[in-house]
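Here's the structure, in structure tokens; my notes come after.
The values are calculated or read from the model by the stated rules, or taken from the named source; none is laboratory data. Please read all numbers here as calculations on a predicted model, not as lab measurements. For neighbour counting, all protein chains shown are included, and Cβ atoms are generated from backbone atoms with ideal geometry for every residue, glycine included. Please note that ligands, DNA and RNA were not included when accessible areas were found on the heavy atoms of the full protein model with its side chains. Shrake-Rupley method; radii C 1.70, N 1.55, O 1.52, S 1.80 Å.
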Amino acid sequence: AEPGTQPAAAEHPAPQPEPEPEATPAPVATLEPEREQDALTGLPNRTRFHEKISAALETCRASGQFAAVMIIDFDLFKLINNALGYAIGDALLRVLASRLTETLRATDAVSRFELKEETSSIFRMGGDEFGILLTELEHAEAIEPIVKRLIEAVTTRIDIAEHEIHLTASIGISQIPADGEEADTLLKNAGVALHYAKCQGRNTYQFYDESLNRTSFRDLIFENDLRHAIEAEAFELHYQPKVDLATGRICGMEALIRWHHPEMGLIHPYEFIPLAEDSGLIVPIGYWVMRAACAQIRTWQQAGYENLRVAINLSAIQFRQQDLLEQIHAILDQSGVPPHALELEITESTIMANLDAAAATMQSLSETGIQIAIDDFGTG
């Protein structure tokens, strides 16, 4: 609410009896603004967003007009907090709230419910997520140009405390009345659309479609299957040879994981590794690969192939684990494999995400004799 605004009073309020001296006034009036207003940005919060969506549903049913529920999330916002501190992050959120509000106010196609109570269709949902309600749209096609203007507004350079900040944003959109008959359903569907906007490469938007729900359900089942596969160790490694071009001899191997699914058969990593990374399951899978590869190295060494080195891919998430060195040393000790027989492939983008920390980790690995290769060189 705007500073200084007060709820409208009744024109002829009924006389109220004086309270008893010992009576304690109920705290409802003082708690209500806190319940419906975000303290950081001054915007109405998730509770108010839900209420307004419910009101929009009723209006659209009565008028035949359209409305849209949008969730906007700022990609990689956590990096801002980590790199510059939470004070800068909070200041940035206030700037973003202001930009979104100003953009909506300048959009003639947008009108709002109960303008006397609220001067904005934007809501702070928590973290770096904002909710937006577009109402009284004559047709659904009016939504897209507004979304593009919002993305343009928040991705323009922001200067805070001598820091130059460039953000990208992802937006998920559900439409009223097509995508739900209740506020909870519309919010859920906008969240599903937001997820797929991020999957498309970020800094874009996605309208909800029923097929997205089917895909989300399939991914949920797939993730559960993957958890069971980790417990059952339902994986195997294939080994791709590395050949010395000068001699024509095989000088090493790269370990490539495959998943034996009980119904889908052999699944290649490009089908399940992204899901494993999103869910955090990549860490136990990565250590399984390391154990299995070291066991195979030991078998080859006992067969006389002493100088064979095996490379495995180390995910960005696993590379950042605090106990990475401890886990690797334990696996090497258990298998009896010397460190120089193991090569870790790390993508350049993983290293460049935090160069100082990556350099320290790589130095520690190198000092133990483990070989390191940079994967996808030139892309970071």
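The table below lists the values:
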quantity: Hz values of 3J(HN,Hα) by residue in segment 46-51 - Karplus curve (6.51, -1.76, 1.60), Gly and Pro given as x; calculated: 4, 4, 5, 4, 4, 4
quantity: Under 28 Å, Cα to Cα: Lys pairs in the chain, sequence gap 8 or more or different chains; calculated: 11
quantity: Distance (nanometres) between label positions extended 7 Å along Cα→Cβ at residue 330 and residue 199; calculated: 3.4 nm
quantity: Solvent-free Debye scattering, log10 I(q)/I(0), computed from the Cα coordinates of the chain at q = 0.10, 0.12, 0.13 Å⁻¹; calculated: -0.83, -1.02, -1.10
quantity: Difference of contour (0.36 nm per residue) and Cα-Cα distance, residue 59 to residue 82; calculated: 4.0 nm
quantity: Heavy-atom accessible area per residue - segment 239-319, 1.4 Å, Å²; calculated: 53 Å²
quantity: Estimated FRET transfer efficiency when R0 is 35 angstrom, pair residue 157-residue 221 (beta carbons, to 0.05); calculated: 0.25
quantity: Area accessible to solvent at residue 143, 1.4 Å probe radius, in Å²; calculated: 0 Å²
